[in-house]
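Readers should treat all values here as calculations from the given coordinates under stated rules, not as data from a laboratory. Treat the numbers as computed from the prediction; the structure is a model and nothing was measured. So basically every Cβ, Gly included, is an ideal-geometry build from the backbone, and we count neighbours across all protein chains shown.
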Amino acid sequence: MDVSEARARRLKTLLEQGFEFGTYPLFEGHIAVKKYGCAALLKPVSNDRLEIAAQPSYLVEGNIAVKVQQGGEEWFVWKSHRLPATPERQQQLRRFEEELRRVLEE
């Protein structure tokens with residue numbers, strides 16, 4: 001992946017703001033960013049920009065979960081594992097997404 005100076009600055013800013021990087025083998029060419037127990041996949045869209053590739057979510061067993069409703073309750077689910085989508089977890093997810101978007105839009 002060719003990294004421009006502008007993209008490198010954004011990645012550096014993410015690190016400075018406490019985000020961690022990772023990868024997922026199923027999403028080659030994407031950068032996973034994690035913070036507050038949440039994660040999102042970023043994809044390069046030009047030589048200097050990154051954008052969120054899919055809806056950010058909470059991590060379950062170290063994997064990006066989907067939020068579902070079951071029995072009138074919301075859950076973060078990955079395979080057979082699930083966590084209740086408590087108000088605290090949902091707030092962490094909102095904060096994560098807001099901070100991530102703010103850096104990507106700079």
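Helix 87-104 axis versus longest C-alpha principal axis of the chain: approximately 10°, rounded to the nearest ten. Checking the cross-link filter: which lysines have an alpha carbon closer than 16 Å to that of Lys67, excluding same-chain neighbours under 8 positions apart? Excluding near neighbours in sequence, the set is Lys79. Ranking Ala65, Leu15, Ala54 by Cα position along the charge dipole of the chain, where only Lys, Arg, Asp and Glu carry charges on their C-beta atoms, puts Ala65 farthest toward the positive end. Here the range 5-104 is assigned +1 on the Cβ of each Lys and Arg and -1 on the Cβ of each Asp and Glu. Its dipole about the Cα centre then comes out at about 140 debye. Qualifying GluC sites (Glu not before Pro) in the range 61-105, where qualification requires a DSSP coil assignment and no more than 11 other C-beta atoms within 10 Å, comprise Glu61, Glu105.
Note on the chain: helix-only mean residue ellipticity at 222 nm, from DSSP H runs of 4+ residues weighted -39500 (n - 2.57) and normalised by residue number, equals -9500 deg cm²/dmol. Which of the following values of Cα Rg over 2.2 N^0.38 Å was calculated from the structure shown: (i) 2.08; (ii) 1.40; (iii) 1.11? Of the labelled values, this structure produces (iii).
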